[in-house]
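Encoded as structure tokens, here's the structure I'll be asking about.
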């Protein structure tokens, strides 16, 4: 069975200088820079599908990441990702078509950090995520199996970086 890659990206730094509700908060200047750097890192991967929260800061993170070189023709935005718990995100991953080998999930804390530490086998990298999964945090997990069987402790955390521009 072909391997799967799950890339998890926390949205870049958002602005608190707004009266907009949480869902509508945009990226800060630093967030705009960091997202471009994240895009440069994402350019290393052939992304088959992007699953993104509908929050403005997540949508802007993806837009800026594309300026840095990230590419994907299949971008799926879902308000459910904004409100999701780790188990709900895992259920979304279980529904992915097996022809898709690399998925990028862009969302929010604490859900993303919890998802990563649930899926990843214990490692020094996983311990770093437990301590902190900051804005623009990017984690790459690999898994040998079908999306529908991805479960706790079955993935290997291969990369954890915090892009800063």
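The values are calculated or read from the model by the stated rules, or taken from the named source; none is laboratory data. Model, not experiment: these values are computed from the prediction. Don't worry about glycine lacking a Cβ; one is built from the backbone with ideal geometry, like all the others, and counts go over all protein chains shown.
Is there any pair with a first residue in the stretch 101-119 that is without any contact (Cβ under 8 Å) to a residue 12 or more places away in the chain and a second that is part of a helix (DSSP H, G or I) and surrounded by 24 or more Cβ atoms within 10 Å (Cβ to Cβ) whose Cβ atoms are under 9 Å apart and which are 6 or more apart or on different chains, and what are they?
none
I want to confirm something. Restricting to the stretch 19-44 and keeping residues that are surrounded by fewer than 18 Cβ atoms within 10 Å (Cβ to Cβ) and in a helix (DSSP H, G or I), which single residue is modelled with the lowest pLDDT? Spell out how you get there, then give the answer.
Looking only at the stretch 19-44, we keep the residues that are surrounded by fewer than 18 Cβ atoms within 10 Å (Cβ to Cβ), and these are 19-24, 26, 29-30, 40, 43-44.
Cutting the leftovers down to in a helix (DSSP H, G or I) gives us 22-24, 29-30, 40.
Working: 22: 85, 23: 91, 24: 92, 29: 97, 30: 97, 40: 98.
This residue is 22.
When you scan the stretch 50-61, how many residues do you find that are under 15 Å from residue 13 (Cβ atoms) and crowded, with 21+ Cβ neighbours inside 10 Å?
4
Can you tell me which of 3, 69 is surrounded by fewer than 19 Cβ atoms within 10 Å (Cβ to Cβ) and on the phi > 0 side of the Ramachandran plot?
Result of the check over 3, 69: 69.
Further, regarding this structure: Does residue 144 satisfy the criteria of being over 24 Å from residue 64 (Cα atoms) and free of Cβ contacts under 8 Å to residues at least 24 places away in the same chain? Break it down into steps so the answer makes sense when it comes.
On the way: over 24 Å from residue 64 (Cα atoms): yes; free of Cβ contacts under 8 Å to residues at least 24 places away in the same chain: no.
When the stated conditions are applied, residue 144 does not pass them.
Restricting to the stretch 118-137, what's the tally of residues that are buried (at least 21 other Cβ atoms within 10 Å of the Cβ) and within 19 Å of residue 35 (Cβ to Cβ)?
Looking only at that region, the number is 4.
Further question on the same structure: Taking the stretch 1-18 as the region of interest, how many residues are in a loop (DSSP other than H, G, I, E, B) and closer than 19 Å to residue 99 by Cα?
Qualifying residue count for the region: 2.
Any idea how many residues of the stretch 107-128 are under 13 Å from the mean Cα position of the chain (by Cα) and over 18 Å from residue 81 (Cα atoms)?
Matching residues across the stretch 107-128 total 0.
Okay, next question. Here's a check for you: in the stretch 74-117, which residue that is in a helix (DSSP H, G or I) and surrounded by fewer than 17 Cβ atoms within 10 Å (Cβ to Cβ) is modelled with the lowest pLDDT?
The selected residue is 83.
For the stretch 120-165, give me each residue that is farther than 19 Å from residue 47 by Cβ, touching a helix residue (DSSP H, G or I) at 6+ places or on another chain (Cβ under 6 Å) and not in a helix (DSSP H, G or I).
120, 133, 152, 164, 165
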